[in-house]
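Reading through the structure tokens given below for one structure.
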Amino acid sequence: MRPVLYVLSFLALIALGFWAYRENYATQAALKEVEGLQRQISGLREALTVQRAKWAYLNRPDRLRELATANFDRLGLMPMEPSQFGTAAQVSYPAAKLPEVSFTQDVQGTTGADAETGTETGTGAEGL
């Protein structure tokens, strides 16, 4: 019985060593992938920072004012005045469509169809 136990223990030890070996390499591969993704994220953040700086540079008020002045005749720009804007009362909003009522119910619990025929449905108060 002892030799069988030794052989099984030895096989279990080999199996666990093989499993640990595979897990080690899988972990190293995952860490390399995460490192690559972190590098990619860092590069994208840097590119975003550069684009934000470029956007701020191109939207400087003095630059936009110079462009508007240079292209005044071609664009037909006019100075903004308060009279060019409307009021909130002038805005036409679409009328809200109410959902259709499929049946009516009176205070005592009978529906409109039951009220026309004269039959009464229970209100649930009979048992009181």
Q) For region 88-113, what are the residues that are at pLDDT below 85 and of a type in the set (S, T, N, Q)? A) Ser102, Thr104, Gln105, Gln108, Thr110, Thr111
Q | Cβ-Cβ under 9 Å pairs, at least 6 apart or on other chains, region 87-112 side surrounded by fewer than 10 Cβ atoms within 10 Å (Cβ to Cβ), far side at pLDDT below 80 | A | Phe103/Thr111; Phe103/Gly112; Phe103/Ala113
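The values are calculated or read from the model by the stated rules, or taken from the named source; none is laboratory data. The shown structure was predicted, so the numbers you read here are calculated from the model rather than taken from an experiment. All Cβ positions, glycine included, derive from the backbone under ideal geometry; neighbour counts span all protein chains shown.
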